[in-house]
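So the structure is just underneath, and the comments pick up after that.
The values are calculated or read from the model by the stated rules, or taken from the named source; none is laboratory data. Computed from a predicted structure; not experimentally measured. All Cβ positions, glycine included, derive from the backbone under ideal geometry; neighbour counts span all protein chains shown. Surface areas here come from the heavy atoms of the whole protein model, side chains and all, with no ligands, DNA or RNA. Shrake-Rupley method; radii C 1.70, N 1.55, O 1.52, S 1.80 Å.
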Amino acid sequence: MITKEEVKHIAELARLGLSGKEVEKFQEELSSILDYFKKLQKLDVSGTAATSHPSAVKNVMRRDEAEKEPRKILSDFLKVKSILK
Amino acid sequence: MTISQAHQGLIKKEFSTLELTKSFLDKIEDSNKKIFAFLTITSDLALAQAKKIDDLIFAGGDIPMLAGVPAAIKDNILIEDVRCTAASKILEDYIAIYDATVINKLKNQGAIILGKTNLDEFAMGASTENSAFGATKNPHDLTRVPGGSSGGSAAAVASDMVVYSLGSDTGGSIRQPASFCGVVGLKPTYGAVSRYGLIAMASSLDQIGPITKTVADAKIVFDAIAGKDPCDSTSVELNSKFQSTNYKQIQNLRIGVPKEYFIEGIDKDVERIVREAIKKFEKAGAKIEEISLPHCTNYALAAYYIIMPSEVSANMARYDGIRYGYSAKGADDLLDVYLKSRQQGLGDEVRRRIMLGTYTLSAGYYESYYLKAQKVRTKIIEDFDKAFKKSDIILTPVCPTPAFKIGEKSKDPLSMYLADIFTIAVNLAGLPAISIPAGRADSLPVGIQLIGRPFEEGNILDAGEIFEKLS
C-alpha cells in the first residue's frame, strides 16, 4: 500500500497539483495497480538483457549541414521571423 | 463504400469529388450528435480539397487511389492550422502549426480530410470514455463503447461517416476499437510509419495505422503512409520487405495459435468465433499449430503498465501551461502555474499514468519496476521469435469480450487495463498486427487478430484477404 506521503511526493516530482480528496483517490488506485505488478516477482530475469525499444535501427545520423540555405544579412547573421511583437 | 469503389466512381465520373464529399459531410451532420465520433469537422478544408481534385479529373489527369476519398484523422495527429486537442482540456484551443508526415503523405495523394475524431485523452484508455469532451458511442449499440483509444476513428468508419480513418496504437488502440466496431484495423511494425506529428504517448510503442472497411483498403492506406522519414529517426524504409509473402498459396501458410490466449475469463462467443475462424483457415488448407507464448499475456500486461506510464511521464512533461495550451489563472508563482495548469488541464487517467511512471522511474524503485519490465520485454520478444520459427502468422482473439457497456469499467482502472491483455505484447515486441471482423456475439462485432513478423505486413494482409473471402 503506497502512503499518502509517497503520493504527494510523486505528484510534486511530476508537477501535478492534487487536492486532499485526489490524494486519497490516487493512493487507492495506484496501490491496487502496483499490487498487480507483484506477479513480476515470480519471474526470474536475472540472466536477461533489457530492451528499451523494438526499433530496427540504431544511431540514425545525417551530415551536420544545413538542408536549405538560410537567408543571411551582413554575411554573418541569419534572418528569422520575429518572436516578440 | 470502399476506397476502390470511391476511386472508380470518381474516375468514371459517376459522381464528382464535391458531391461525394458533401454526401459524407451530410452523413456526419446526421449522425455525429448521436455517435459523437468527431471533435472537429473540417468542412471548409475538405470542400477546398475536393474542388482541387475535381479540377484535376476535369482536366483529364490521372488521380492516385486515395484522391478525392473522404477520411477522418484521430485527434492526436497534427494537421496544420486545424485544432488538435488530444481530447484534453489542456489542448482544447490549440491550433497545430505543422502537418504530421502521414498527413503530408495523404495530402500529396489528394485525400479529403473531413475532421478530427474523438479518442481517450492523450490516447490513454480502451473505451474513449476518458475523452475530456464526452464519450463516443458504438454505432452497433449506442449504449456501448466503441473501444479505445481510437474509438472515434473506428466509429466513423463503421457508421459510414468516412471511407477510412487513421488511428494510433500503443497497446491495442487501433485493433480493439476495430474489433468492437466491426471494421479492419492495422497496427504496422514499429518504425514502418513515421511518428512525426503524432502527439507522443509512449515513444517505444506508438504507431499510426489505418482503420478501414476491408483489408484491401487497409493495404492501400498503409502503402500511402508508410516509409522512412528523416523527421523520425526510428522510421525504416520498407522497400520490398513488406511485399514479402512467404507463401503464395494458403496450403503453405502456417498459423500458430497460442494456448495461453484462451484464458479463463474469455467470453464464450468470442472463443466460439475465434475457434470457428481457425477452422475456416484449416478447411481452406492452412496448417494450424498450437504454440506457446508463456510471457505474452499476464506478464506482458504488467510489464506494459510499467513501461508505458514511464514513457508517458516523460512525454507529458511538456504540457506545463507555459509552452502551449491551457494555463491556469491565479497562480502564485511558476511552480504554481505548473501544478494548477496540469491539475486542471489533465484528466484522471492521464494523471494516474504520469504518477505511475514517475514512481516506477524514481530512485529506489527503478530496478524493481522499470528495469525488470524491460527484461520482461526481452522475454516477450524471445517468445515471438521462437514462435515465428515454426509459424508464419499467429492468430489470437483481440479482446476477451465484445464491446462493454458505457460506464461498466470506468470505475476500476485495472479492469479497463485487462481489456488490452491480447494486444499489448505485440507493441512491446514492435510487431505488425491486424484486427479483422470475424463474427457477431448477439449483434456485437468480434474480430480476430493476425500477428506477423517485423515488416511482414504483407503476410497478415494477404491472410486477412483470404479470410475475408472465406467468411
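Tabulated data
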quantity: Spherically averaged projected area of the stretch A:2-85 from its Cα convex hull (nm²); calculated: 13.4 nm²
quantity: Relative pair counts by distance (%), Cα atoms of the stretch B:1-103, 10 Å bins; calculated: 14, 40, 34, 11, 1
quantity: Ratio Rg/Rh, restricted to chain B and using Cα atoms, in which Rh is the Kirkwood radius; calculated: 0.96
quantity: The stretch B:148-191 residues near the modelled B:I263 label - backbone nitrogen below 18 Å, point 7 Å along Cα→Cβ; calculated: B:148-149, B:170-177, B:179-180
quantity: When each of B:K259/B:K287; B:K13/B:K51; B:K375/B:K409 is checked by Cα-Cα distance, pairs over 22 Å; calculated: B:K375/B:K409
quantity: Relative contact order computed over chain B (Cα-Cα under 8 Å; 6+ residues apart), in percent; calculated: 18 percent
quantity: Portion, in percent, of the accessible area of chain B that falls on carbon or sulfur, probe 1.4 Å; calculated: 51 percent
quantity: At R0 = 60 Å, FRET efficiency that the Cβ-Cβ distance of B:Y324 and B:S443 yields, to 0.05; calculated: 0.90
quantity: Estimated distance in nm for a label pair at A:V23 and A:R63, the labels positioned 7 Å out from Cα along Cα-to-Cβ; calculated: 5.9 nm
quantity: 222 nm mean residue ellipticity, helices alone, for the protein assembly as shown (DSSP H n ≥ 4; -39,500 (n - 2.57); rounded to 500); calculated: -11500 deg cm²/dmol
quantity: Packing-based order for B:261-272, B:300-311, using average beta carbon neighbours within 10 Å, highest first; calculated: B:300-311, B:261-272
quantity: Descending principal axes extents, the stretch B:306-360, alpha-carbon based, whole Å; calculated: 35, 18, 16
quantity: Peptides B:382-388, B:68-74, B:346-352 ordered by average Cβ neighbours within 10 Å, highest first; calculated: B:68-74, B:346-352, B:382-388
quantity: Highest-first arrangement of B:277-286, B:391-400, where packing means the average Cβ count within 10 Å; calculated: B:391-400, B:277-286
quantity: Net lengthening on full extension, B:L142/B:K386 (0.36 nm per residue, minus Cα-Cα); calculated: 83.6 nm
quantity: Where only alpha carbons of the stretch B:265-361 are counted, the Rg and the Dmax (Å); calculated: 22.5, 70
quantity: Rg(Cα)/(2.2 N^0.38 Å) for the stretch B:352-471, N = residue count; calculated: 1.28
quantity: Equivalent ellipsoid, the stretch B:307-415 (semi-axes from 5 times Cα gyration tensor eigenvalues, Å); calculated: 36, 21, 13
quantity: 20 °C / 1.002 mPa s Stokes-Einstein diffusion coefficient of the protein assembly as shown, Kirkwood radius on C-alpha pairs, µm²/s; calculated: 89 µm²/s
quantity: Candidates A:E29, A:E67, A:E12, ranked by Gaussian network fluctuation over chain A, Cα under 10 Å, top entry; calculated: A:E67
quantity: Cα-based Lys pair tally, chain A, threshold under 29 Å, eight or more apart or on separate chains; calculated: 19
quantity: Positive dipole terminus of the stretch B:399-471, leading residue within B:F422, B:L470, B:G407 (C-beta point charges); calculated: B:G407
quantity: Label-point separation, A:V80 to B:E276 (7 Å along Cα→Cβ), nm; calculated: 6.1 nm
quantity: Residue-normalised accessible area of the stretch B:307-358, expressed per residue, 1.4 Å probe, Å²; calculated: 38 Å²
quantity: Å² per residue, accessible surface of the stretch B:94-171 at 1.4 Å; calculated: 20 Å²
